[in-house]
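Derivation of every value follows stated rules applied to the coordinates shown; laboratory data play no part. It should be emphasised that the depicted structure is a prediction, and the values quoted were computed from it without experimental measurement. Glycine also receives a Cβ, built like all others from the backbone with ideal geometry; neighbour counts cover every protein chain displayed.
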Amino acid sequence: LSSINGHDEL
Amino acid sequence: MNIFRLAGDMTHLISVLVLLLKIYATKSCSGISLKTQELYAIVFVTRYLDLFTDFISLYNTVMKLVFIGSSLAIVWCMRYHRVVRRSYDRELDTFRYWILLGVSFILALVLHEKFTLQEVFWAFSIYLEAVAILPQLVLLQRSGNVDNLAGQYVFFLGAYRAFYILNWIYRYLTEQRFTRWISCVSGLVQTALYADFFYYYFISWKNNAKLQLPA
């Protein structure tokens, strides 16, 4: 599930 | 997820746990800058606005909750815990951090990926994180030799962003469309701020002496 806004990093 | 990012997240987690350990075990927060801790709480709250709207992975959600929870717990402890708060170096921790908040917010209004509330706050949190350590570094210099847990805290915090830079290089090389200029540039600035601290930390470690930062 990639996040909607593209920020998959902490 | 790559090994650099995992190492970065684990190092970041360690830095927070080292701090919580220091405060809980010694019931003292001497040498720790409350202002830096408050800035970090703001960084996590403004960065993880998507906590309830975007589900990326269990790991991602759990780590976000841990970072928000621990940073708020540290701020609460340093402000309100009746024993811990007495050891706070109030007169040394005088960095005017409103400047950092103001500059980061203005920069986020100008430089962001999309002009939406979430993206502007995300960029704000990235810029703020780069400079959030300044009050802590100033406090370390003012209080001269640091007790080792405060030094370790800053060391792990610097190492975590250095791992993230390796992660960005790795992702840039392996993923076609990976461009995170805001994070990369801000992360480089952040790690550069630690560079001099790392130098003195390494010298003190090599000479097995207490860390002495030039005043």
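For the residues B:V84, B:V103, the requirement of being surrounded by fewer than 16 Cβ atoms within 10 Å (Cβ to Cβ) and among the hydrophobic types (A, V, I, L, M, F, W, C) singles out B:V103. Going by the conditions given, is B:A123 in contact with a Gly (Cβ under 8 Å, 6 or more places away or on another chain), assigned to a helix (DSSP H, G or I) and among the small types (G, A, S)? No; evaluated as a whole, the condition is false for this residue. Residue pairs whose Cβ atoms lie under 9 Å apart, separated by 6 or more positions or on different chains, with the first residue in the range B:24-35 and on the phi > 0 side of the Ramachandran plot and crowded, with 21+ Cβ neighbours inside 10 Å and the second assigned to a loop (DSSP other than H, G, I, E, B) and among the charged types (D, E, K, R), are B:G31/B:D89; B:G31/B:D147. Yes or no: the range B:145-165 includes at least one residue that is crowded, with 18+ Cβ neighbours inside 10 Å, within 14 Å of chain A (Cβ to nearest Cβ) and without any contact (Cβ under 8 Å) to a residue 60 or more places away in the chain. No, every residue in the range B:145-165 fails to be crowded, with 18+ Cβ neighbours inside 10 Å, within 14 Å of chain A (Cβ to nearest Cβ) and without any contact (Cβ under 8 Å) to a residue 60 or more places away in the chain. When the range B:22-71 is filtered for residues that are over 27 Å from B:Y88 (Cα atoms), of a type outside the set (S, T, N, Q) and more than 10 Å from chain A (Cβ to nearest Cβ), the ones remaining, listed by number, are B:L51, B:F52, B:L58, B:V62. Being assigned to a helix (DSSP H, G or I) and either surrounded by fewer than 18 Cβ atoms within 10 Å (Cβ to Cβ) or without any contact (Cβ under 8 Å) to a residue 12 or more places away in the chain (or both): is that true of B:L39 here? The answer is no for B:L39.
Only a single item in (1) charged (D, E, K, R); (2) surrounded by fewer than 16 Cβ atoms within 10 Å (Cβ to Cβ); (3) within 30 Å of B:I203 (Cβ to Cβ); (4) within 13 Å of another protein chain (Cβ to nearest Cβ) is not met by B:E91, and it is number (4).
Would you say B:L128 is surrounded by fewer than 17 Cβ atoms within 10 Å (Cβ to Cβ) and either over 25 Å from B:T26 (Cβ atoms) or without any contact (Cβ under 8 Å) to a residue 12 or more places away in the chain (or both)? No; evaluated as a whole, the condition is false for this residue.
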